[in-house]
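Structure, as structure tokens:
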Amino acid sequence: MKLWLKALLSLALMAVLLWQVDLRQISSTFAATRFELSLAAFTLFLLQQVIVAYAWHMLLPVDNNRVPFIKTVEVHALGSFFGTFLPSSVGMDVIRAYRLGRYLERGVDSASAMFVTRVVGFLVNFVLALAVAIPVSFQLHNAAIFGTVLALTLMFVAGVVFILHPRALALMKNILLRFGLAGVAEKIRGFREGITSVSRSRGRMLQLIAVSFIYQSLGIVIVFMLGRALGIELSLWRYFIYIPLITTITVLPISLAGLGIREGAFVFFFAQAGVAQAQALSLSLLLFAQTLALALLGGVWYFLARESKAVAQTSRKSLAASLRSQINREERV
């Protein structure tokens, strides 16, 4: 789906939602936001990013991983900065994998570890969504909710199996070789080898699943805290029902960064618990604001890193010039 179509759909959905909601109610909801809870939620959100960076870092091959963990966190933050306004989170991950791959002996290992991290993370979310879709379907007397989540789960699993199937990869490799892209074909082969190597490590996979459950659960707690900050008095268990479903729906690559789809899902599901549309929409926008704030911090980190590199290069050049000048003086003497 083309970028302009996704942007148009996001704008249309947001326009419909804002037309149905009194903007003064949204304004008053934000004005009454409890700052201390919002700040605590954002702190946990930053911790959540460190957790996913750790999951990515631990999957890098031991014999090919000489990258400090802080560098993985840095690349993760920079990817948020450069990829926030790309059509989907996939573009963000491509940027992250490329930047971290420059520090590895085999750059493709970075992409392999990122792929496995994302796949396991989505599978954990789908498992949570399937688990909570059953009571939600009974509560709303709507079996289509469970059917939709199940269909999305099966489509995701089928897509992963197809991508990694030896015949599909062989076909892709042959096509690339016909166009003289042997280097790309070799990277694809290395990509699959890296995924296979990681997947065979039962200990690391179990650890990744555990970390993914922590990551997803922490994300639900973050939304719960933001809801309390906005005055939404719902029990935590309701968030464990709604958020996995909303996250699953937002995965659909039909809008710009999930904008519009995510907000509509928040309004629909939270309305079932009696939450006003203005509050539900405000909650979704506040959650999206955290993503934008992370991207901003990533941008600051990027420019500070560039500045420190520039200063270091200038210092080295000055030192070299000073040494050359001293040598020349000694030679003249």
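Considered as a group, the residues in region 175-184 that are of a type outside the set (D, E, K, R) and more than 26 Å from residue 105 (Cα to Cα) include one that is modelled with the highest pLDDT, and that residue is 175.
Restricting the first member to region 132-159 and to residues that are touching a residue at least 40 places away in the same chain (Cβ under 8 Å) and part of a helix (DSSP H, G or I), and the second to residues that are surrounded by 13 or more Cβ atoms within 10 Å (Cβ to Cβ) and small (Gly, Ala, Ser), the beta-carbon pairs closer than 6 Å and six or more apart or on different chains are 145/133; 145/137; 149/129; 149/133.
State yes or no: is residue 273 surrounded by fewer than 19 Cβ atoms within 10 Å (Cβ to Cβ), on the phi < 0 side of the Ramachandran plot, among the aliphatic types (A, V, I, L, M) and not in a helix (DSSP H, G or I)? Here the answer is yes, as residue 273 does meet what is asked.
The rows are residues; the columns are (1) part of a helix (DSSP H, G or I); (2) at pLDDT 85 or above; (3) surrounded by 15 or more Cβ atoms within 10 Å (Cβ to Cβ).
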| residue | (1), (2), (3) |
| --- | --- |
| 186 | yes, no, no |
| 194 | yes, no, yes |
| 198 | yes, no, yes |
| 209 | yes, yes, yes |
| 213 | yes, yes, yes |
| 219 | yes, yes, yes |
| 224 | yes, yes, yes |
| 238 | yes, no, yes |
| 243 | yes, yes, yes |
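Would you say residue 121 is among the small types (Gly, Ala, Ser) and without any contact (Cβ under 8 Å) to a residue 12 or more places away in the chain? Here the answer is no, as residue 121 does not meet what is asked. Of all residues in region 13-61, those being closer than 30 Å to residue 201 by Cβ and not hydrophobic (A, V, I, L, M, F, W, C) number 5.
Can you say whether residue 30 is aromatic (Phe, Trp, Tyr), at pLDDT 85 or above and within 17 Å of the chain's Cα centre (by Cα), as far as the supplied structure shows? So residue 30 fails the test. Taking region 61-112 as the search range and keeping residues that are touching a Lys or Arg at 6+ places or on another chain (Cβ under 9 Å), modelled with pLDDT under 70 and in a helix (DSSP H, G or I), which one is surrounded by the most Cβ atoms within 10 Å (Cβ to Cβ)? Per the criteria, the residue is 83.
The values are calculated or read from the model by the stated rules, or taken from the named source; none is laboratory data. Owing to the predicted nature of the structure, the values given are computational and were not obtained by experimental measurement. Positions of Cβ are generated from backbone atoms using ideal geometry, with glycine treated the same way; all protein chains shown enter the neighbour counts.
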